[in-house]
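All remarks here apply to the structure that follows.
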Amino acid sequence: MSRIAYVNGRYQPHRRAQIHIEDRGYQFADGVYEVVLVHRGQPIDEGPHLDRLDRSLRELRIAQPMARAALSQILREVVRRNDIDTGLVYMQVTRGVSRRDHPFPTKPIKPAVVVTAKRVVVPDDEKVEQGARVITIPDIRWERCDIKTIGLLPNVLGKQQAREAGAFEAWQVDRTGMVTEGTSTNAWIVTSKGELVTRQANHAILNGVTRLSLIKLARQEGLRFVERPFSVEEAKGAREAFISSATAFVTPVTQIDDRVIGNGRAGSLSLRLRQAYFDYMAGA
Ligand code: PDD
């Protein structure tokens with residue numbers, strides 16, 4: 001079955017879908033995006049993703065492209081037309097098309113909207129138990145990482161560095177030695193005292209929708225949880241570590257740089273939260 005993309009009002013064959021060469025997203029990364037997990041054909045946490053999209057648009061003063069219900073309908077239609085059971089929907093909104101000039105166009109332009117979807121395969125239990133390796137790298141991003149912009153060059157370079165080091169993810173580290181987040185995931189540890197820790201959401205990180213769901217689940221499970229920064233050293237000495245995102249769910253981390261975490265297998269609390277998240281998805 002051929003893939004279908006939504007582009008500015010039309011559903012088109014994915015391979016023929018095109019945007020304008022003077023789209024400000026293409027020229028200035030002047031746009032925002034969301035990635036929504038689809039499970040059994042249903043978008044997971046659609047509301048919080050659309051809320052975050054609204055917020056990103058507002059922060060960059062990009063006009064809302066359409067009513068929320070219309071966007072939701074397109075999201076579902078793209079899932080349906082691509083026959084996605086387990087997968088991801090990508091939504092991108094840019095400021096629109098205008099002759100290249102840095103300031104916003106003086107005349108109002110229509111934001112450009114692209115929605116695509118793809119299938120994903122959930123890794124098997126053995127792979128999850130083995131856990132992922134992460135490396136640590138300096139965080140060289142700007143000071144508004146809370147906005148989900150399509151300007152992702154530092155993230156791309158960081159992820160590539162991870163891949164070349166044989167790792168799954170790179171944890172970015174601020175100037176004070178504290179971990180901010182992964183290049184496309186939030187970072188978590190379980191301390192030697194059994195406390196679940198992730199950095200508080202401010203301008204230094206993207207407030208992950210998966211992160212927010214996990215915080216709720218951790219509270220429901222009665223886990224001891226605290227939002228605070230943690231250092232690379234603390235992470236290396238942690239009992240457990242994991243990452244979260246719409247694409248990684250909860251993925252246990254078993255090595256940070258050259259240091260093995262715990263006994264080198266996925267931690268029990270990480271696996272418990274992964275399961276709680278799958279249960280939550282199944283009930284959605
Ligand atoms: N990335 N931090 C960063 C920098 C991210 O890019 C993402 C998501 C997250 C996790 O957010 P969420 O739980 O809402 O997926 C944290 C998406 C998946 C991506 O860029 O593909």
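General remarks:
- Close pairs (7 angstrom Cβ cut-off, 6 or more residues apart or separate chains): within 16 Å of HIS49 (Cβ to Cβ) in region 70-84, part of a loop (DSSP other than H, G, I, E, B) anywhere: VAL79/GLY41; ILE84/GLY41
- Pick from region 168-202, criterion within 16 Å of the ligand (Cβ to nearest atom) and more than 23 Å from LEU217 (Cβ to Cβ), ranking: nearest to the chain's Cα centre (by Cα): THR183
- Restricting region 1-26 to residues that are in contact (Cβ under 8 Å) with a residue 12 or more places away in the chain and of a type in the set (S, T, N, Q) leaves a set whose member that is nearest to VAL79 (Cα to Cα) is SER2.
- Scanning region 138-150 for any residue that is more than 10 Å from the ligand (Cβ to nearest atom) and more than 23 Å from TYR33 (Cβ to Cβ) turns up at least one such residue.
- Figure legend. Inter-residue proximity from region 206-221: first residues in the same structural domain as ILE147 (by TED's automatic domain parsing), second residues within 8 Å of the ligand (Cβ to nearest atom) and of a type in the set (Lys, Arg), beta-carbon distance below 9 Å, spacing 6+ or different chains. Indicated pairs: LEU206/ARG52; LEU206/LYS148; ASN207/ARG52; VAL209/ARG52.
The values are calculated or read from the model by the stated rules, or taken from the named source; none is laboratory data. Values in this document were obtained by computation on a predicted structure and should not be read as measured data. All Cβ positions, glycine included, derive from the backbone under ideal geometry; neighbour counts span all protein chains shown.
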